[in-house]
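This report refers to the structure that appears directly beneath it.
Just so it is clear, none of the values below were taken in a lab; they were calculated from the coordinates. Just so it is clear, the structure is predicted and the values come from calculations on it, not from any experiment. Every residue, glycine among them, receives a Cβ derived from its backbone with ideal geometry; neighbour counts consider all protein chains shown.
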Amino acid sequence: MKILIAGAGKVGRALTDELSSEGHDITLIDMNSRVLEDAVGMYDVITLQGNSASKAVLEEAGVQNMDLLIAATNADEVNLLAVITAKALNPNIHTIARIRNPEYVEQARSMRDVFALSLVINPELQAAQEIARLLKYPGFLKRETFAKARVEIVELKVFKGSRLINIQLKSLSGVTRSQVLVAAVLRGGEAIMPDGNFVIKEDDRLFVTGAPDQLHEMLIHLGIINMPVNHVIMAGGGKISYYLAEELHKSHIATSIIEIDADKCRELAEQLPYSTIIHGDVSDRSTLDSEDIGDYDASVSLTGMDELNIVTSLYAHMHNVPNIVTKLGRGNDGDLIENMPIGSVICPKELCTMHIVRYVRAMQTKTGAALSVHRIADGRIEAIEFRADHDTRHLGEKLKHVKTKKNALIVSITHGTHTEIPNGESIFQEGDTVVVITNRDSKISQLNDIFEDGLS
């Protein structure tokens, strides 16, 4: 596909990396010549310096022949104008715009046709919703949902003293008393797709799939279920904190926000009358001490500095805060932070990128296209959700008779409202939801791609 990306910031560069690696023809526009030079040195892309909202620049970039425009500049207004202009020049183009300002988000969604938008992306809102989901149902480092929330893949770290240590996976159900499957393991920076003989060790990070009630049962029987979250403290008063306070308010969870900028504090106090806004510097430990951080049920570090977020989360851990979430703008450097007690790690850039990648893959293959794509195991493994249709091969065949490609594994099948962890006797029928995990090199774009007899 021919894709035009407007904006070479964090999201634009992440999309360039992802989509160029999948073989798409990428043209990248930005006002900054230096970032474009860096992009040319790293990727096989065409670059153009200029204003992404300019009709002349878009024409020079060849927007008339593009399949998709992704407007991801730092200015919402530029993104909207770029989309409108591109659609006028090419009525058949698909358009995605990043809209971050809370004042514009609902307007852009309700007026998608007017703005000629195929998809609206808000990384900060996505991050807030993800954090809220983790805090409402504590116990896991990450949760990825599939099949209309009937299936989840969760991340769980094996700490010293865990009942899971030295357990073979084929004996897991006897310990957890639940129907779950360990789909992947991170050990020493290596991503493993284990078999039944795999033995769990201390410090392993497990990625477990199952129905939500079964995963809850697993937590109970492992003795690691956390108490409900009632009061959350946030470090930093940016857009994510605003959205998160709104999300948690809906669940009657109290919020306090520490922000260093006095004007921003006044603005937040007006926007969030149900939150406690604290004027202070989280880099000064006396600020956290004065707020008795250890009395909170959860700490969420959301400043614009990764290093400060990590230090704040470490301080929260030192004061025994039971639930900790850390935002990393540059992504999860697994090798560096894997053993740091900083709780769940959220990266808005990665959430946004994968949402767009899912849309692009759906554009390529309408039949059998992925319903959702999630990265697990520090991005080394993909969990992909499909719906079996009339063109899907092996409908009604027992899995023990179906040969899948190496490093492609079916980890759940949902029939209507019932989800099962598959075994050799399991089958899938038209309309069923199938979740597959695979390493990133496999390039699975539709369900038929996982079969050994598939057509590539």
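Taking a Cβ cut-off of under 15 Å around K201, the surrounding Lys, Arg, Asp and Glu residues balance to a net charge of 0, with basic ones at +1 and acidic ones at -1.
Stokes-Einstein diffusion of segment 363-450 at 20 °C, 1.002 mPa s viscosity, Kirkwood radius from Cα pairs, rounded to a whole number: 163 µm²/s.
Count the DSSP beta bridges whose two residues both fall in the chain, then state the antiparallel fraction as a percent rounded to the nearest 5. Please list the in-between numbers first.
Values: 43 of 83 bridges.
The antiparallel fraction comes to roughly 50 percent.
Ellipsoid fit via the Cα gyration tensor, segment 77-196: semi-axes of 44, 16, 13 Å, each the root of five times an eigenvalue, largest first. Ranked by the mean number of other Cβ atoms within 10 Å of their residues, highest first, the peptides 317-329, 234-246 fall in the order 234-246, 317-329.
For segment 382-404, the residues whose amide N sits under 13 Å from a probe point set 7 Å from the Cα of E452 along the beta carbon direction are 400-404. Ordering L169, S290, Q129 by Cα displacement along the dipole of the chain toward the positive end leaves L169 in first place; charges were set at the Cβ atoms of Lys, Arg (+1) and Asp, Glu (-1). Using a cut-off of 14 Å between beta-carbons, work out the net charge of the residues near Y274 (Lys and Arg +1, Asp and Glu -1, Y274 not included). Overall, the nearby charge balance is -2. Here segment 231-321 is treated as a sphere whose radius is the Kirkwood value from Cα pairs; by Stokes-Einstein at 10 °C and 1.306 mPa s it diffuses with a coefficient of 124 µm²/s.
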